[in-house]
Each structure stands twice: as structure tokens, then as C-alpha cells.
Amino acid sequence: MPKKPRWNINVKSLSDRRLVEIAMELDGSEHKELVESLRRELVERLEVKGITKQEIVKRIAFGVPRGRRFNEIAKAWAGILGLSPEEFKRIADAR
């Protein structure tokens with residue numbers, strides 16, 4: 001059985017904007033590992049710029065209605081940020 005073609009993208013060479021664009025385009029696709037590596041690279045870059053995890057969570061969750069989509073986002077991003085999904089949601093909802 002032939003193997004599926006794999007995407008090989010050097011995420012370190014992408015601009016911040018392109019990281020976000022590709023991650024959004026591939027979100028929900030079969031390329032879960034690639035999307036996760038794009039997200040990890042973005043988080044690393046934001047942290048280097050001095051942006052805290054709390055600020056990152058707020059930016060990711062901004063404008064996302066609470067419900068199933070919010071829960072999916074919390075699950076997808078929490079591990080990358082070193083948080084549990086519950087911590088992600090608590091930070092996102094904190095005022």
C-alpha cells in the first residue's frame with residue numbers, strides 16, 4: 001500500500017504571519033503533527049518577545065464563543081502552552 005505524501009515544512013524559516021496562515025489552513029486536516037509544530041513555533045516566538053502564557057491564551061480565545069469550538073481550541077492549544085484544557089479555559093475567562 002503506497003504511503004500518503006508527507007508535508008515537510010521548515011517552520012523555523014516561516015514568518016509569523018505565514019505560520020498563522022498555514023496553521024489556520026490546515027486546522028482540522030489530517031496534518032495534525034504539522035499544525036502542532038506550527039503552533040509550537042508561534043508560541044516560542046511570542047514567549048521570546050516577552051508575551052506571557054496568559055496573554056497568549058487571551059489572544060487565542062478572543063472572540064471565540066464559549067461552547068464546543070472553545071473546548072476544541074482549549075484542547076488543541078493547552079498542551080502546547082504547558083497547561084491543562086481547564087487551566088486554558090480559566091485563564092481565557094479571567095477578567
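Taken together, the values in this text are just the output of simple stated rules run on the coordinates, not laboratory data. Just so you know, these numbers come straight off a predicted model, no measurement behind them. As a convention, Cβ positions derive from the backbone with ideal geometry for all residues, glycine included, and neighbour counts pool all protein chains shown.
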Of (1) outside any loop (DSSP other than H, G, I, E, B); (2) within 12 Å of the chain's Cα centre (by Cα), Arg18 satisfies all except one. Which? (2)
Mind checking which pairs have a first residue in the stretch 72-93 that is without any contact (Cβ under 8 Å) to a residue 12 or more places away in the chain and within 18 Å of Leu46 (Cα to Cα) and a second that is of a type in the set (A, V, I, L, M) and crowded, with 18+ Cβ neighbours inside 10 Å, Cβ under 8 Å, 6 or more apart or different chains? none
Matching helices (runs of 4 or more DSSP H) fully within the stretch 24-95 where at least 1 residues are loosely packed, with under 11 Cβ neighbours inside 10 Å and either of a type in the set (A, V, I, L, M) or at positive phi (or both): 32-48
